[in-house]
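These notes are about the structure you will find just below.
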Amino acid sequence: MATNAVDETKATEATTEKAVDTTESDEATRTETETDAPAEAEVVETEVTETVAETKEEAPSGIGQGAAAVVSAALGVVSLTGSWVGTIAAARQNLVGQLETAQGAGVAQQIQAVYGDAWQATALWGGLFAVVALVVGVVTLARPAFGTPGRIQAPWIKSVAWAGVALGVIGLFLAVLKYTGILLGLPSAG
């Protein structure tokens, strides 16, 4: 845009200098050229601006889908490794278990109240992060079906979204195993 305007301005200046050196009859031609050149530059600039705007509207960049895929994978990792929210929930449940357990309660009851409930709270939060990772990953993979026909999703977006889905499934599976006590269950009080 700017290059065309600069070239046209230089051409106009050259025409103006040439017209000054020639006879007075050429002055009329010079005046017409000066008034036409800026109008032509505006038309060219407007056409280029409209073309750029149309191109931006027609071709979505896929940034949203890429971000969603990365979020899905990150949430899947969080579901496996644990989160700050899960740690706080477990600590809170531990404290509640200590406060609510009577002094005369049996050992099994104390273990369940102090440690078991906290372990289950951690499993619930891990499962919640896994479900969100799964949903975001599946929506990211399904998005092209509801978008512009013929628009292909970038391969890296598919790969990262599939990673998020896989991590979400694994995280959900482990959360269920932790919650039910199959994986690292509480020790027996006997």
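The values are calculated or read from the model by the stated rules, or taken from the named source; none is laboratory data. What you see is a predicted model, and the numbers here were worked out from it, not measured in a lab. Using ideal geometry, Cβ is built from the backbone for each residue, glycine included, and neighbour counts are taken over all protein chains shown. Ligands, DNA and RNA are stripped out before the accessible areas are found, and what is left, the full protein with its side chains, is counted by its heavy atoms. Shrake-Rupley method; radii C 1.70, N 1.55, O 1.52, S 1.80 Å.
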In this structure, does Val107 turn out to be β-branched (Val, Ile, Thr) and open to solvent by less than 80 Å² (accessible area, probe 1.4 Å)? no
Quick check on the stretch 103-122. Is at least one of its residues over 16 Å from Leu80 (Cβ atoms), out of contact with any helix residue (DSSP H, G or I) (no Cβ under 6 Å at 6 or more places or on another chain) and of a type in the set (Asp, Glu)? no
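Yes/no matrix, rows are residues, columns are (1) open to solvent by 60 Å² or more (accessible area, probe 1.4 Å); (2) within 15 Å of the chain's Cα centre (by Cα):
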position	(1), (2)
Val139	yes, yes
Gly150	yes, no
Ala154	no, yes
Lys158	yes, yes
Ala161	no, yes
If I go through the stretch 107-127 residue by residue, how many of them are among the small types (Gly, Ala, Ser) and touching a residue at least 60 places away in the same chain (Cβ under 8 Å)? 2
Within the stretch 56-76, of all residues that are among the aliphatic types (A, V, I, L, M) and surrounded by fewer than 15 Cβ atoms within 10 Å (Cβ to Cβ), the one modelled with the highest pLDDT is Ala67
So how many residues does the stretch 79-106 have that are more than 19 Å from Leu184 (Cβ to Cβ), assigned to a helix (DSSP H, G or I) and not polar (S, T, N, Q)? 8
Of the residues that make up the stretch 177-187, is at least one at pLDDT below 90, in a helix (DSSP H, G or I) and out of contact with any Gly (no Cβ under 9 Å at 6 or more places or on another chain)? no
